[in-house]
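What follows draws every value from the coordinates through simple rules; no lab data is involved. This is a predicted model, so every value here is computed, not measured. Cβ: placed from backbone, ideal geometry, glycine included. Neighbour counts: every protein chain shown.
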Amino acid sequence: MKWKKAGAVVLSALLLAGVPAGALAVPPADPPRPMPSGAELAVSPGERISVSTAAGVSGDARNGVRVVSTAFVSDGTLRMDDRLLTAVVTVSCTAAGSYEVRFGSPVGDENVSKIDRLWGSVRVAPVEAAEREACERRVAELPPVSREERWPEDSGWPATPWDVRTVRPGERMTASDGVAMASDGEVTLSSPGFTRSVVMRGAKLVSAVVQIRCDARPGLYVVRWNERGKRAEVWARYRVVDTATPGCQDPVGTPRASAVRRSAPWLLGGAAALAASGAVGYAFLRRRKASR
């Protein structure tokens, strides 16, 4: 397996130059190797593999399900990736032999029955001490697995707090929520990239149309859910790309650009992943606290 360090060097240089992390492409790296269902996959210590399955195929194929094995550095999490659910995991440098790979219940999700299903197994080739030390150094240099999800365009935004849609400066998006049990007018959405904070309106389904500032810089932004009498929480994320179209104008009364630039967006680097054919139904399984 080839290990590429050039991407990490480029990333560090760009960050020092002031380029927002959320606007960067993923550093060059070997893509995770797919692990088919029911197979025993021969892997090397430190290797990254991916597990993908269609949502709705079985009761345990849903966003947030863990992919677990004692062969992995840590559990993976199935996240929406267009029409699939995908998890990326890293093989431990100390693993050697054959290990089961199973699906487990989402962390902190008390609303689903316990999940424990065999997916397959991995067979890890043993390595000598010197190779193991080199493996641990390589693993430490790997970029973190992205938590971002990619849902179908026809599903309401945000399906989960990590449902990151892309938008250009000046464009509008409709934000909606059907399970928060918030009453009409009790919730305000705020974000540094919005032209202004907006109030959620509606009966059973509360929603609001938000507009992105014409001078919003590329990057990943958070949206805060401010409900009357409750503590504000991160409710959604979106990514601003490119620049505004010529002639873009913010609504009258939008705060001055200099004031917003002092409140830089909350930016997170990484590449992303994740959605499914039955995804619209899962859009209402928000699990905000567990997903943050």
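So how do 217-224, 75-82 stack up, highest first, on mean other-Cβ count within 10 Å?
75-82, 217-224
Placing pseudo-labels 7 Å out from each Cα toward the beta carbon at Thr243 and Arg123 gives an inter-label distance of 5.6 nm.
With both labels modelled 7 Å from their Cα along Cα-to-Cβ, the Arg224 to Thr166 distance reads 2.8 nm. Note on Ala134 and Ala96: the extension gain reaches 12.1 nm, defined as 0.36 nm multiplied by sequence separation minus the Cα-Cα distance.
Estimated at 0.36 nm per residue, the fully extended path between Asp184 and Val209 surpasses their Cα-Cα distance by 7.6 nm.
Using the Karplus relation 6.51 cos²θ - 1.76 cosθ + 1.60 with θ = phi - 60°, the per-residue 3J(HN,Hα) values for segment 204-219 come to 6, 10, 9, 8, 7, 9, 10, 10, 8, 4, 5, 9, 5, 7, x, x Hz, with x marking Gly and Pro. In this simple spin-label approximation, Ser176 and Val199 carry label points 7 Å from Cα along the Cα→Cβ vector, and these lie 2.1 nm apart. Backbone phi angles across segment 31-45, fed through the Karplus curve with coefficients 6.51, -1.76 and 1.60 (θ = phi - 60°), yield HN-Hα couplings of x, x, 7, x, 10, x, 5, x, 9, 9, 9, 7, 10, 10, x Hz in residue order; Gly and Pro are listed as x.
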